[in-house]
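Take a look at the structure set out below.
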Amino acid sequence: MAQTDITIEPFWKPLKEVVEWAFENVTSTLCSCLATHAVLEAQYAQKRYSMGFKRWGVFSHRVVDRSHPLTIDVNTRFDVPHSRFNQIDRSQFEKAGLHILVDSEVADVHLAVSPDGFRQVFFQGHPEYDNISLLKEYKREIMSFYAGNRPDYPVFPENYFTLTAQAVLDEYRLKVENSLKQHQELPTFPEKLLLPLIDNTWRDTARTVVENWVGMVYQTTSVARNKPFMDGVDKSDPLKWLSDKK
């Protein structure tokens, strides 16, 4: 299980220094999953907590604030992959004064921005995952089980494998368990059979959000390398989104 208390990790001190430097010296920082948890701990005093299980799979999300420039031309409902043991929930994002843009009834907050609306962008899911990222994780967990490093055979990532893919993997599980009993090598993972059965239901939306972010960075960043913003840009409201909402 992943370490819940980030502050005891060996990377914590240098990561915190990078976060602090970035906030003062770059236009906007884009964080995903662990990085989001780290920044909320370092700058907003919001500690993540263990859910007691691994939330992994592909989950439906909904845009809850359609006024933000990040969500322009984004489907109002879309999928996002998640893979984590730990979480920061909606009440913690709100307590930190962050603006929640996208959330899920199952997977909680996915996309949020800092109080100024732009200088920090937070993903709690993994929109950067490609088609087979969860497949590779599942394969890794099977290998871990076979090696005796986990006590149970891994469950399927939620909403990821089709029924046909699950049937293929159920058959593979029988081969794995039989090989364990016979002290044989781990059977070849049926990746070639599975690849055509995997759908990607998140890439287009993820790309649009990131493209929106890159465009906003371009529109607000100074040409001077020692200045994060163009002259006249208000650091407390770089996109003028807060003033437009009033």
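The values are calculated or read from the model by the stated rules, or taken from the named source; none is laboratory data. All values reported here derive from a predicted model rather than from experimental measurement. Glycine gets a Cβ as well: all are built from the backbone with ideal geometry, and neighbour counts include every protein chain shown.
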Q.
Taking the condition of being of a type in the set (Asp, Glu) and out of contact with any Ser or Thr (no Cβ under 8 Å at 6 or more places or on another chain), how many residues in region 96-147 meet it?
A. 4
Q.
Within region 122-148, take every residue that is assigned to a helix (DSSP H, G or I) and touching a residue at least 60 places away in the same chain (Cβ under 8 Å) and give me the one that is farthest from the chain's Cα centre (by Cα).
A. LEU135
**Q.** strands (runs of 3 or more DSSP E) completely within region 20-117 that count 1 or more residues being touching an Asp or Glu at 6+ places or on another chain (Cβ under 9 Å) and modelled with pLDDT of 95 or more
**A.** 49-63, 77-87, 99-104, 108-113
Q) among the small types (Gly, Ala, Ser) and outside the structural domain of THR205 (by TED's automatic domain parsing) - does that describe any residue in region 73-85? A) no
Q.
Between a residue in region 176-188 that is under 17 Å from TYR138 (Cβ atoms) and any residue that is among the hydroxyl-bearing types (Ser, Thr, Tyr) and in a helix (DSSP H, G or I), which pairs come within a Cβ distance under 6 Å, given they are 6 or more apart or on different chains?
A. LEU186/TYR146; PRO187/SER179
Q) In region 190-212, which residues are in a helix (DSSP H, G or I) and crowded, with 17+ Cβ neighbours inside 10 Å? A) LEU194, THR205, ALA206, THR208, VAL209, ASN212
Q) Tally time: how many residues in region 55-87 are under 30 Å from ARG140 (Cβ atoms) and touching a residue at least 40 places away in the same chain (Cβ under 8 Å)? A) 16
Q: Evaluate region 226-238: report whether one residue or more is part of a helix (DSSP H, G or I) and either surrounded by 13 or more Cβ atoms within 10 Å (Cβ to Cβ) or β-branched (Val, Ile, Thr) (or both).
A: no
Q | Close pairs from region 233-246: first free of Cβ contacts under 8 Å to residues at least 40 places away in the same chain, partner part of a loop (DSSP other than H, G, I, E, B) and not hydrophobic (A, V, I, L, M, F, W, C), Cβ under 7 Å, at least 6 apart | A | SER243/ASP237
